[in-house]
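Working notes, beginning with the structure itself.
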Amino acid sequence: QTEKELIRESWATVNQDPQHHGIVLFTRLFDLEPDLVKLFQYNSTQFCSAEDCLASPDFLQHVRKVMLVIDTAVNTLENLPSLQEYLIGLGKKHQAIGVKTESFITVGESLLYALDKGLGPAFSTHSREAWTKLYSGLVKTMSCGWQE
Ligand code: HEM
C-alpha cells in the first residue's frame with residue numbers, strides 16, 4: 001500500500017466518528033499542555049478546567065473544525081499545495097490567539113495518539129510514518145503564518 005492509501009484507509013475509520021476521536025485528541029493535548037485550555041475563550045470567559053472545556057458546545061465546534069481541516073488535507077493529498085494559502089492564514093489566526101508553533105507539534109503527537117487509540121493494531125508503523133509526514137507538512141505550512 002502507498003502512504004496515501006494508508007492515510008485514506010485509516011482516516012476513513014476514524015472519520016466515522018470525528019467528534020469522539022477529536023475529543024480523544026484534545027483530551028490528550030490538554031494532558032500534555034494544560035495551559036492551552038486558557039486559550040479557548042468564548043464570550044471572553046475562561047474555562048476552569050480541561051473537563052469544562054471539553055464539555056462546551058463552542059469548544060466542540062472547534063474540535064469539529066480541526067477534524068474538518070484534517071479531512072480536507074486527506075481529500076487533497078494529490079494537491080496539498082492548493083491548501084497553502086488557507087493554512088498560512090490559519091496559522092496567522094492561531095498566532096493572534098496566542099498559540100505557539102511548538103504547541104502545534106504537541107497537537108501532532110496527540111493526533112497520533114488518537115489514531116492509535118482509534119485504530120489499535122490496524123495502525124501500523126508504516127501508516128504512523130505516513131501520518132507523521134502529512135501532519136508535519138501541515139504544521140510547516142501553518143508556521144509560515146507566524147511572524148516574529
Ligand atoms: C479557531 C485555538 C489547533 C483549526 C480557533 C479559535 C481558537 C483556537 C481559540 C477561535 C475560536 C473557535 O473558532 O473555536 C486553538 C488551539 C489549538 C488549535 C489552542 C492548539 C494548540 C488547531 C488545529 C487546527 C485548528 C491543529 C487544524 C488543523 C481551527 C479552525 C478555526 C480555529 C479551522 C476557525 C478559524 C476561522 O474562524 O477562520 N482555534 N486551535 N486549530 N482553529 Fe484552532
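Couple of notes before you dig in:
- Residues in the stretch 36-55 reached by a label modelled at GLN19 [backbone nitrogen below 13 Å; 7 Å Cα→Cβ]: 55
- Database remark: amide H of SER124 closer than 5 angstrom to no amide H (H placed geometrically; neighbours at sequence offset of 5 or more, or on other chains; Pro and chain starts carry no H).
- Note on ARG28: accessible area is roughly 80 Å² with a 1.4 Å probe, heavy atoms of protein only.
- Listed residues THR125, THR13, THR101, most fluctuating in the chain (Gaussian network, C-alpha, under 10 Å): THR125
- Semi-axes of the equivalent ellipsoid for the chain, computed as √(5λ) from the eigenvalues of its C-alpha gyration tensor and ordered from largest down, come to 25, 19, 13 Å.
- Most positive-pole-ward Cα, PHE59, THR13, LEU90, against dipole of the chain from beta carbon charges: LEU90
- Per residue, the accessible area of the chain comes to 58 Å², computed with a 1.4 Å probe over protein heavy atoms only.
- Two-site FRET efficiency, THR45 against VAL139, from Cβ-Cβ distance with R₀ of 35 Å, rounded to 0.05: 0.75
- Nearest-10 value in Å² for the accessible area of HIS21, using the 1.4 Å probe: 30
- Full extension of the chain segment joining GLN147 with LEU32 gains 38.9 nm, where the gain is 0.36 nm per residue of separation less the Cα-Cα distance.
- Whole-Å distance, taken between Cα centres, linking the stretch 1-75 and the stretch 95-111: 12
- Taken about its Cα centre, the stretch 23-148 carries a charge dipole of about 180 debye when Lys and Arg each add +1 at the Cβ and Asp and Glu each add -1 at the Cβ.
- Theoretical gain in end-to-end length, ILE97 to LEU77 [0.36 nm per residue, Cα-Cα removed]: 4.4 nm
- Accessible surface of the chain [probe 1.4 Å, protein heavy atoms]: carbon and sulfur percent: 53
- Förster radius 35 Å - calculated FRET efficiency between GLU85 and ALA55 (Cβ-Cβ, nearest 0.05): 0.55
The values are calculated or read from the model by the stated rules, or taken from the named source; none is laboratory data. The structure displayed is predicted, hence computed values, not measured ones. FYI the Cβ positions are ideal-geometry reconstructions off the backbone, even for glycines, and counts take in every protein chain you see. Just the protein is used for accessible areas: all its heavy atoms, side chains included, with ligands, DNA and RNA removed. Shrake-Rupley method; radii C 1.70, N 1.55, O 1.52, S 1.80 Å.
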